[in-house]
1. Please state the charge dipole magnitude for segment 88-220, taken about the Cα centre, from unit charges on C-beta atoms (+1 on K and R, -1 on D and E), reported in debye and rounded to the nearest 20.
2. Projected onto the charge dipole of the chain (+1 at Lys/Arg Cβ, -1 at Asp/Glu Cβ, origin at the Cα centre), which of SER146, PHE182, GLY228 gives the Cα projection farthest towards the positive end?
3. How far is it, in nm, from the label point at HIS186 to the one at GLU154 when both lie 7 Å from their Cα along the line to the Cβ?
4. Just to verify a number: FRET efficiency for GLN127 and THR52, C-beta to C-beta distance, R0 = 35 Å, to 0.05?
5. Can you tell me the alpha carbon radius of gyration of segment 1-126 divided by the globular rule-of-thumb value 2.2 N^0.38 Å?
6. For LYS170, go through the lysines and keep the ones whose alpha-carbon is under 25 Å away, minus same-chain ones fewer than eight residues off.
7. Compute the accessible area per residue over segment 167-231, keeping the other protein chains in place, probe 1.4 Å, unit Å².
8. Using 5 Å bins from zero, what percent of all Cα-Cα pairs in the chain falls into each bin?
Amino acid sequence: MHYLQKYAQHALDIVFPLRCAGCQANGYILCPVCKTTIRPLTPPLCWHCSHTLSVNGSCQSCHQHFLQLSGLRALGPYQEPLRSYIHQLKYDGNTHLAQPLGQLLALAYRTYGMHADIILPVPLHEQRQRERGYNHAALLARVCASLLGITVREDVLLRRRATSAQVGLKVDERYQNVATAFDCSHAAATNILTARCILVIDDVCTTGATLEACAAPLFAAGALSVWGLVLALT
Ligand SMILES: [Zn+2]
Ligand SMILES: [Zn+2]
């Protein structure tokens, strides 16, 4: 961060001290109590996509659309209070939240015994990033990667075109909406991706369409595996 930006942030922290995103307690981004109220996924979980299995042990989600991703893991279901924390990070400019949420992603990575050589955030389209001022997935990926000691690259996966918001679209429409939205930068890809295990990080996964669209160019560039790790599954 630029020196002046750091200074401005410091000044802001004095005028507006940190408050827990859950309970407003002073001095916390997310207090220990609010952290523990994030609900985990309800087992038994699908080994592939992490959705809760039905009573007969089958996975509805994989049955409807089997992801080409090597696998998907998530912290918890898209429910309160996690939903509100994600919303604050993404839309309310509470970028501080990337710290505790990124830590939880790193914890999930270890708990699930995942392995990655390189971490990539799902990119935002340039225009949206300019409007918002940051890419929330990149903030999460940076924190998570630094805690795990894994390289994070924000110049490998590129968003070729803006996509309309996925909210309100049916499963098929979601896939069509993002199908060709992503690409790899060729210079970066040929050097980095060949025979490597890639982990793509995002905030929320609904149908898997976005992660799937990210995985396609990564596999095409020679990636050995492409896993997804998100905060919440809907
Ligand atoms: Zn709290
Ligand atoms: Zn599944």
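The values are calculated or read from the model by the stated rules, or taken from the named source; none is laboratory data. Because the structure is predicted, anything quoted here is derived from the model rather than measured. Reconstructed Cβ throughout: ideal geometry from the backbone, glycine too, with neighbour counts over all protein chains shown. The accessibility values were calculated without ligands, DNA or RNA, using every heavy atom of the protein model including side chains. Shrake-Rupley method; radii C 1.70, N 1.55, O 1.52, S 1.80 Å.
1. Working: 13 positive and 12 negative charges, 18 e Å.
With Lys and Arg at +1 and Asp and Glu at -1, about 80 debye.
2. So the residue we want is SER146.
3. Going by the 7 Å Cα→Cβ label model, 2.6 nm.
4. Values: r = 36 Å, r/R0 = 1.04.
Efficiency computed from Cβ-Cβ geometry: 0.45.
5. On the way: Rg = 17.9 Å, N = 126, 2.2 N^0.38 = 13.8 Å.
Rounded to two decimals, the normalised Rg is 1.29.
6. Cross-link targets: LYS90.
7. Numbers: 2580 Å² over 65 residues.
In whole numbers, segment 167-231 has 40 Å² accessible per residue.
8. 1, 6, 13, 18, 20, 17, 12, 7, 3, 1, 0, 0
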